[in-house]
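Below is one structure; the comments refer to it alone.
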Amino acid sequence: MHDWFKTPPGRYLLAWEQARFDRAVADIFGYHALQLGLPELSTLRANRMPHRWLSLDDAGALQGGSHGATLFADFSALPFSANSIDLVVLPHALELGNEPHAVLREVERVLVPEGRVVISGFNPASLWGLRQRRARLYRHLGFGELYLPDAGDFIGYRRLRDWLRLLSFEVESGDFGLYRPAVRTEAWLERSRWFDKVGERWWPIFGSVYFLVAVKRVRGMRLLSADWRRAASRASAPVPIAGKVHRANLETSDEVSSS
């Protein structure tokens with residue numbers, strides 16, 4: 001799997017996703033951020049949280065990586081307490097693993113209320129996805145070569161949104177990218193560069209990769225706004241004495257009328 005990301009299509013994918021992750025996590029604030037898998041991407045480099053980790057489920061996956069705080073753990077049993085992480089990033093971690101449901105449930109457990117999860121994945125309904133499906137069919141017949149990494153099953157965009165909704169996540173944003181044909185060489189990828197602009201305009205949902213950001217919602221919970229002290233001071237302010245002034249005017253008018 002990791003060798004595929006060194007190929008021309010793999011580098012094309014990493015460049016697009018690195019830019020998207022940089023923009024997505026730059027303005028997400030908190031104290032603790034976690035990336036699950038794919039050390040070829042530094043998804044948290046643009047984030048300013050003081051504590052950031054890369055979690056891997058295979059010690060050999062870190063070869064060639066340059067990450068600081070790294071831990072090795074089962075993605076479906078993370079060594080963090082409940083409601084302790086502000087941001088979790090999953091670059092292809094769901095589809096390349098064996099238990100995507102369990103991983104997503106674990107992400108929901110460790111995220112704080114209003115915490116965010118950022119997910120990227122291969123789109124089965126794309127040129128790359130169709131070529132992968134055809135290659136798997138040929139492979140069963142004894143010939144053919146897969147175009148994408150041979151690990152796990154690709155999860156459709158709408159299917160993933162349904163999973164998130166069942167876990168009380170609210171999708172904030174979602175988009176697609178990588179519209180070039182499923183070619184292998186650098187030269188052909190460059191020649192088909194124009195597919196990216198055309199695809200974004202005319203068939204956006206058929207990009208080879210999707211990217212979404214979701215928020216963990218907790219029912220019945222209301223977070224205080226930043227100006228809660230100011231609101232409290234307004235609530236405890238003395239009541240205006242307009243009523244007293246009105247009564248004084250009435251008493252004065254009664255005295256004048258009686259005299």
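Candidates in the stretch 6-37 are the residues that are of a type in the set (S, T, N, Q) and modelled with pLDDT of 95 or more; of these, the one that is farthest from Ala182 (Cα to Cα) is Gln35. Among the residues of the stretch 109-126, those identified as more than 15 Å from Met49 (Cβ to Cβ) and surrounded by 20 or more Cβ atoms within 10 Å (Cβ to Cβ) are Ile119, Ser120, Gly121, Phe122, Asn123, Ser126. Every listed requirement among (1) in contact (Cβ under 8 Å) with a residue 12 or more places away in the chain; (2) in contact with an Asp or Glu (Cβ under 9 Å, 6 or more places away or on another chain); (3) not polar (S, T, N, Q) is met by Ala82 save one, (2).
Which of the residues that make up the stretch 39-58 are open to solvent by 30 Å² or more (accessible area, probe 1.4 Å) and within 14 Å of Pro79 (Cβ to Cβ)? His51, Trp53, Asp57 - these are the residues of the stretch 39-58 that are open to solvent by 30 Å² or more (accessible area, probe 1.4 Å) and within 14 Å of Pro79 (Cβ to Cβ).
Does Phe5 fit the bill of being touching a Ser or Thr at 6+ places or on another chain (Cβ under 7 Å), buried (at least 17 other Cβ atoms within 10 Å of the Cβ), assigned to a helix (DSSP H, G or I) and not acidic (Asp, Glu)? So Phe5 does not fit the description; no. Scanning the stretch 69-100 for residues that are under 23 Å from Phe176 (Cβ atoms) and either of a type outside the set (Val, Ile, Thr) or part of a loop (DSSP other than H, G, I, E, B) (or both) gives Leu87, Leu90, Pro91, His92, Ala93, Leu94, Glu95, Leu96, Gly97, Pro100. Taken over the stretch 75-113, the criterion of being charged (D, E, K, R) and either closer than 13 Å to Leu34 by Cβ or under 14 Å from the mean Cα position of the chain (by Cα) (or both) is satisfied by Asp86, Glu106, Glu108, Arg109.
The values are calculated or read from the model by the stated rules, or taken from the named source; none is laboratory data. None of these values were measured; they are calculated from a predicted model. Glycine also receives a Cβ, built like all others from the backbone with ideal geometry; neighbour counts cover every protein chain displayed. The area values use the complete protein model at the heavy-atom level, side chains included, leaving out ligands, DNA and RNA. Shrake-Rupley method; radii C 1.70, N 1.55, O 1.52, S 1.80 Å.
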